[in-house]
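FYI, it's all coordinate maths here, none of it is from the lab. Predicted model only: the values in this text are computed from it and were never measured. Heads up, the Cβs are rebuilt from the backbone with ideal geometry, glycines too, and the neighbour counts pull from every protein chain shown.
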Amino acid sequence: METALTAAAIAALIVAASRQAYYSTGRPCACPDDRMRNGRACGSRSAYSRPGGAQPLCSARDVSAKMIEEHRNKIARR
């Protein structure tokens, strides 16, 4: 039985995948709410807060309707 995911659930999956892709580079600060290795908040030191370079998705607000639709299409092709 196939269960349709809500747009919010898909956005959460996309954000989690984006963050994980950034963490896989060995860097801990994808998003402002992450923690550095010393335990301090990343804040403005995060990749998300800095212009240029990596642009991880940190919240559902960063996920566009087009990204959600592309994800649904990818699932449908399986």
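What to note about this one:
- Meets criteria (within 12 Å of Ile10 (Cα to Cα) and either free of Cβ contacts under 8 Å to residues at least 60 places away in the same chain or part of a helix (DSSP H, G or I) (or both)) for Asn38: no
- Qualifying positions in segment 45-61 - touching a residue at least 24 places away in the same chain (Cβ under 8 Å) and loosely packed, with under 14 Cβ neighbours inside 10 Å: Ser59
- Segment 62-77 residues that are loosely packed, with under 10 Cβ neighbours inside 10 Å, paired with ones that are assigned to a helix (DSSP H, G or I) (beta carbon under 9 Å, 6 or more apart): Ala65/Ala7
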